[in-house]
C-alpha cells in the first residue's frame, strides 16, 4: 500500500525533503532578503507536498485541508514580509540582510 | 501518470535550485512560479485536484503577483542593468523555455491519458475536501481568517512610508 498508482510515496517524500533542503540552504546562503523570502516559499511548498503525499497514501481529504491552511499562512507571511522589506528599502536603501544589523541593543 | 509525477518533481527540483542560485531577482521569481506550477502538476497526479487548483490560482496567481510588484518597486538590479542587457540574448531563454515546455507537454499528456483510460487511482475531490474543511476544521477556518485579517492590518500599517521618514531626506536635498 505504499504505492500510489505506481508512484512510490517514499520517492515523492524524498523530493519534498530535497526541496526543503534546497530552500533551507537558500535561506542560509543568500543575503538578499527577497531571496530569503523566496527560499521560504520553497520550504513551505515542500511541506505542502509532504501533506499531499500523506493524504494520497491514506486517501483522506485532510492533507488538502492542510494545504489550504498552508496557503493562508503563506499569504499572511508574504504580505507582512514584503511590506517589511519595502520599509527597510526606504530607510536603508538596501535589502541586504547583513547591512541591517543596527538592532544590537 | 507515474512518469508525469516524477517529471514534475524533477522540474520542481531544478527550478528550486535555479531560484536559489539566480543572480537576478526577476529570473528567480519566474523560476519560483514555474516551480509552483510543477508542484501543482504533482498534486494533480497524486489525486489532489483541489489543492492543485488552489496552488495555481492563489499561489502562482495571487501571492507571486505581490512578489513581482515588490521586485519592480525595489529596483534592486540598478547597478547591474548594463550586465542585464548583455544577458538578454536569445540563448538565455532556452532553459526557461525548455522547463516550461516540459510542463506543457506533461499537462497535455496527462489530459490525454485521462480521457482514454481515466485515473488509475483514488481522487479526493473538492466536495470531500469542502465537507472535511467545514465539518472537522471549523475552528481552523476561523483562526485562518483571523490570521489573514492580522496580516492585512500589518501590511496596511507597515507598507506606507510615514512622513517622518520621508521629509528629512527631502529637506536635506533642498538644502
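The values are calculated or read from the model by the stated rules, or taken from the named source; none is laboratory data. All figures in this text were calculated on a predicted structure; none of them were measured in a lab. No Cβ is skipped: glycine too gets one built from the backbone with ideal geometry, and neighbour counts run over all protein chains shown.
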### Query
Given the residues A:46, A:56, A:50, which is the only one that is under 30 Å from residue B:44 (Cα atoms), in contact (Cβ under 8 Å) with a residue 12 or more places away in the chain, more than 18 Å from the chain's Cα centre (by Cα) and crowded, with 17+ Cβ neighbours inside 10 Å?
A:56
#### Entry: Residues being farther than 15 Å from residue B:100 by Cα and within 7 Å of another protein chain (Cβ to nearest Cβ) - total across segment B:20-44
3
### Query
Only one of B:116, B:90 is modelled with pLDDT under 75, within 26 Å of residue A:52 (Cα to Cα) and more than 14 Å from chain A (Cβ to nearest Cβ); which?
B:116
## Note on the structure
Of B:106, B:99, the only residue that is under 23 Å from the mean Cα position of the chain (by Cα), at pLDDT 85 or above and surrounded by 15 or more Cβ atoms within 10 Å (Cβ to Cβ) is B:99
### Query
Within the set of pairs 6 or more residues apart or between chains, which connect a residue that is more than 9 Å from chain A (Cβ to nearest Cβ) inside segment B:124-144 to a residue that is exposed (fewer than 11 other Cβ atoms within 10 Å of the Cβ) with Cβ atoms less than 7 Å apart?
none
### Summary
For segment B:7-41, the count of residues that are closer than 18 Å to residue A:54 by Cβ and either under 14 Å from the mean Cα position of the chain (by Cα) or modelled with pLDDT under 90 (or both) equals 3
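Looking only at helices (runs of 4 or more DSSP H) that lie completely in chain A, which have at least 1 residues being in contact with a strand residue (DSSP E or B) (Cβ under 7 Å, 6 or more places away or on another chain)? Let's see the steps before the verdict.
Values: elements: A:9-29, A:33-58, A:62-92.
Hits in chain A: A:33-58.
Could you please find all residues in segment A:80-98 being closer than 19 Å to residue B:62 by Cα and either under 14 Å from the mean Cα position of the chain (by Cα) or surrounded by fewer than 17 Cβ atoms within 10 Å (Cβ to Cβ) (or both)? Break it down into steps so the answer makes sense when it comes.
Taking segment A:80-98 first, the residues closer than 19 Å to residue B:62 by Cα are A:80-86.
A:81, A:84, listed by residue number.
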